[in-house]
Amino acid sequence: MTATDHGSTPTTAERVISFDLDGTLINGPFARVLTDLSEELARRHQADGVKREIIRRHERLLGTDLLAAYDWQSIVSDYLDELGLVAPFDLLERLDQYAVEGATTILHDGTADLLGALRSAGWRVLVLTNGWRRYQEPVLRRSGLLAAIDGIVTSDDVGEAKPAESIFAAARAGATDYVHVGDRIDHDVIGGNAAGARTVLLRPDIPADPAELPAYLARLATAQGVPNPDPSLASPDLVTSSLSDLVDRLTHPSPADLSELSSPLGQLSSDNSAPGAR
Ligand SMILES: [Mg+2]
């Protein structure tokens with residue numbers, strides 16, 4: 001239930017920040033693994049649309065069984081069983097091969113240094129992901145980011161996926177000050193707010209003009225399957241396209257300010273913060 005530590009084991013941290021992984025810190029190579037699988041099965045067995053069907057099954061599970069939606073090996077093997085086919089390669093081996101080859105896109109320049117700056121400022125830095133550990137940890141390791149963080153919390157570690165409160169509680173581990181950062185309104189912002197975190201929506205496509213934010217957030221919520229979210233839960237404390245902007249805000253205020261949970265907006269709000277954010 002707790003994050004895995006790398007390096008020295010910290011005492012209970014007063015300040016914890018957790019980052020969603022895919023779409024927030026990286027774009028991993030797993031989609032390429034599914035493309036390979038689909039293409040090889042088409043070539044060998046004339047099986048059409050394997051990747052499309054696997055994604056469809058994943059998306060269907062997102063609405064019914066969030067934890068199982070990220071069990072890619074089971075989704076793939078169940079489907080191939082139905083087709084009477086066998087996977088032509090091991091999914092995890094292919095994923096690791098791509099990760100070794102540098103197929104992981106790190107979304108923000110200087111990510112490892114920025115996470116290091118947070119750690120130097122006293123933040124315990126975690127990755128909190130619905131992806132299962134077996135898929136996420138190798139990608140983090142090969143990208144060099146595993147060494148830049150204090151640990152990973154995955155849905156299969158905890159037995160529930162975001163937005164469940166339990167997975168945020170596992171990351172927070174009793175810390176006084178807790179910030180969660182992600183790219184999804186439904187999983188990261190709503191889940192994080194409900195669990196008592198200060199939340200940050202970090203996405204590369206955040207509009208520069210604050211006047212465009214309300215419409216942008218409404219479109220994003222609809223696209224992510226929560227068209228009419230409760231505004232008290234769906235409003236992030238900060239909306240930004242820049243990891244370095246976020247790190248600046250968390251490392252430059254005085255330590256006294258940082259522990260001031262009662263006025264979170266004072267720390268994370270900005271000219272481009274979400275209107276109506278708590
Ligand atoms: Mg994400």
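Structure notes:
- For the chain, share of DSSP beta bridges that run antiparallel, in % to the nearest 5: 10 percent
- Applying 1/(1 + (r/R0)^6) with r as the Cβ-Cβ distance of residue 119 and residue 46 and R0 = 41 angstrom yields a FRET efficiency of 0.20.
- Each label was represented as a point 7 Å from its Cα along the Cα-to-Cβ direction; for residue 251 and residue 205 these points are 2.9 nm apart.
- Column: log10 I(q)/I(0), Debye, Cα scatterers of region 34-110, q = 0.13, 0.18, 0.27 Å⁻¹: -0.46, -0.81, -1.26
- With R₀ set to 22 Å, the beta-carbon distance separating residue 106 from residue 228 gives a calculated FRET efficiency near 0.05.
- Residue-averaged [θ]222 nm for the chain, counting only DSSP H segments that reach four residues, each worth -39500 (n - 2.57): -12500 deg cm²/dmol
- Note on the chain: Cα-only Rg and Dmax are 19.2, 64 Å.
We did not get these values from a lab; they are worked out from the coordinates using the rules stated. Because the structure is a prediction, the values reported are computed rather than measured. Here Cβ is always computed from backbone atoms with ideal geometry, including for glycine, and neighbour counts include all displayed protein chains.
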